[in-house]
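The values are calculated or read from the model by the stated rules, or taken from the named source; none is laboratory data. All figures in this text were calculated on a predicted structure; none of them were measured in a lab. Don't worry about glycine lacking a Cβ; one is built from the backbone with ideal geometry, like all the others, and counts go over all protein chains shown.
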Amino acid sequence: MDLEKISLTGAPETLLTTLYCRAVDSRAENPVLGDDAAARAVERVDYDFRRTGVNRVTAAGVALRAKQLDDWTAEFMAEHEKATVLHLACGLDTRAQRLAPASTVRWYDVDYPQVMELRQRLLTTPDGDYHTIASSVTEDDWLDSVPADRPTATVFEGLSMYLTEEDGKRLIQRIAERFPSGQLLFDCYGKMGIRMQKLVPAVRNSGATLHWAIEDPSVLESWHPGLRCRDAIRSLEIYRCDKFPREGRTSYRVLSRLPGFKNVGRFLRYEF
Ligand SMILES: C[S@@+](CC[C@H](N)C(=O)[O-])C[C@H]1O[C@@H](n2cnc3c(N)ncnc32)[C@H](O)[C@@H]1O
């Protein structure tokens, strides 16, 4: 079988890092996600994965972040039989395949056109009421094609930091204005995370630039009436999980106590 040539650069190229993290996790003795589809996709692309700088610790970190967002999305679907899920900046993530939504859930995977084309070539299409949208989430019209009739969970992993704060604010406001109720489930970087961006191999090697830092999650509550932050989990706290590799625990524990570092990243759940 011919391998897929990869011509992505900038933010879209970074999807290969998170894909590779899930693939590495799937081969771990005690995997967090067990995402075998990620491992199969990795084997089908022609890409030098050494560019990602991924090791066991970073792979487990990304898998645990994905697991947290999977769990919140699953919780939302369990609470709302007829829900819509918007999975923004989906990259090559098989979240819909992992969560297998009920047929009453309408699911949208959204990313840039070149990413959605690659996705179609590498991944199987999930069953059910499944749709794709090939667009930047900062474009004006992509949201018009999503019916506004249901409670809607919008999950976006590894996206917020690539947006400017202005684009992130506009995105959140458009979603909260459009749907009757819902949740926003995503991860963010704090100021220190943005400041240290060139230390992240995926960012440095792809030429991507990170912009938006969220230092105080409560600030977003003022962006839309009724928007409330329900959970804000510091990403460094994942060292407490028994599936996090031993070799990363001490450094994560120390960093999680340093005032300058402890807010380097967060997993956020808002409701409206
Ligand atoms: C770090 S990757 C994460 C991909 C996926 N969420 C995952 O966890 O594997 C960043 C993703 O954000 C997407 N992205 C960045 N800016 C975007 C935008 N304005 N609109 C849509 N997707 C965007 C990229 O194409 C890429 O797929």
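If the condition is being over 23 Å from A100 (Cα atoms), of a type in the set (K, R) and touching a helix residue (DSSP H, G or I) at 6+ places or on another chain (Cβ under 8 Å), then the stretch 1-49 contributes only R44. Scan the stretch 228-240 and tell me whether some residue there is part of a loop (DSSP other than H, G, I, E, B) and over 19 Å from the mean Cα position of the chain (by Cα). Checked the stretch 228-240: no residue is part of a loop (DSSP other than H, G, I, E, B) and over 19 Å from the mean Cα position of the chain (by Cα). E139 falls short on exactly one of the conditions (1) free of Cβ contacts under 8 Å to residues at least 40 places away in the same chain; (2) more than 12 Å from the ligand (Cβ to nearest atom); (3) of a type in the set (D, E, K, R), and that condition is (2). Considering only residues that are under 17 Å from M116 (Cβ atoms) and touching an Asp or Glu at 6+ places or on another chain (Cβ under 9 Å), which ones fall in the stretch 8-37? Selection gives P12, L15, T18, L19. Checking the stated criteria, V254 turns out not to satisfy the condition of being under 30 Å from P12 (Cβ atoms) and either assigned to a loop (DSSP other than H, G, I, E, B) or not small (G, A, S) (or both). Can you say whether G207 is touching a Cys at 6+ places or on another chain (Cβ under 9 Å) and under 29 Å from V24 (Cβ atoms), as far as the supplied structure shows? Judged against the criteria, G207 is not a match. Using the structure shown, decide if T154 is within 13 Å of the ligand (Cβ to nearest atom) and within 21 Å of K82 (Cβ to Cβ). When the stated conditions are applied, T154 passes them. Among the residues of the stretch 112-126, what is the count of those that are in contact (Cβ under 8 Å) with a residue 12 or more places away in the chain, closer than 23 Å to A83 by Cβ and not hydrophobic (A, V, I, L, M, F, W, C)? Total meeting the criteria: 3.
Among the listed residues R51, R95, R106, R22, identify the single one that is within 23 Å of D129 (Cβ to Cβ), within 16 Å of the ligand (Cβ to nearest atom) and in contact with a Ser or Thr (Cβ under 9 Å, 6 or more places away or on another chain). Of R51, R95, R106, R22, the one residue that is within 23 Å of D129 (Cβ to Cβ), within 16 Å of the ligand (Cβ to nearest atom) and in contact with a Ser or Thr (Cβ under 9 Å, 6 or more places away or on another chain) is R95. Please go through (1) more than 12 Å from the ligand (Cβ to nearest atom); (2) in a strand (DSSP E or B) for P126 and return the number of the only condition it doesn't satisfy. Here P126 meets the rest and fails (2).
Yes or no, residue by residue, for (1) part of a helix (DSSP H, G or I); (2) under 25 Å from A74 (Cα atoms); (3) modelled with pLDDT of 95 or more:
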residue	(1), (2), (3)
T132	no, yes, yes
L143	yes, yes, yes
G158	no, yes, yes
L171	yes, yes, yes
R174	yes, yes, yes
K198	yes, no, no
V203	yes, no, no
E215	no, no, yes
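Candidates in the stretch 157-171 are the residues that are out of contact with any Phe, Trp or Tyr (no Cβ under 6 Å at 6 or more places or on another chain) and among the hydrophobic types (A, V, I, L, M, F, W, C); of these, the one that is farthest from the ligand (Cβ to nearest atom) is L171.
Of note, Q183 satisfies the criterion of being away from the ligand (no atom under 13 Å from the Cβ), buried (at least 21 other Cβ atoms within 10 Å of the Cβ) and polar (S, T, N, Q).
Only residues that are modelled with pLDDT of 95 or more and among the aromatic types (F, W, Y) were counted across the stretch 254-269, and they come to 1. Within the stretch 62-77, if we keep just the residues that are farther than 15 Å from C188 by Cα and under 11 Å from the mean Cα position of the chain (by Cα), the residue that is surrounded by the most Cβ atoms within 10 Å (Cβ to Cβ) turns out to be A63.
Answer yes if at least one residue in the stretch 224-238 is within 16 Å of the ligand (Cβ to nearest atom) and surrounded by fewer than 18 Cβ atoms within 10 Å (Cβ to Cβ), and no otherwise. Don't jump to the end; show me each part of the working.
Kept after step one, since they are within 16 Å of the ligand (Cβ to nearest atom), are these residues of the stretch 224-238: 235, 238.
Retained after the next criterion (residues that are surrounded by fewer than 18 Cβ atoms within 10 Å (Cβ to Cβ)): none.
No, every residue in the stretch 224-238 fails to be within 16 Å of the ligand (Cβ to nearest atom) and surrounded by fewer than 18 Cβ atoms within 10 Å (Cβ to Cβ).
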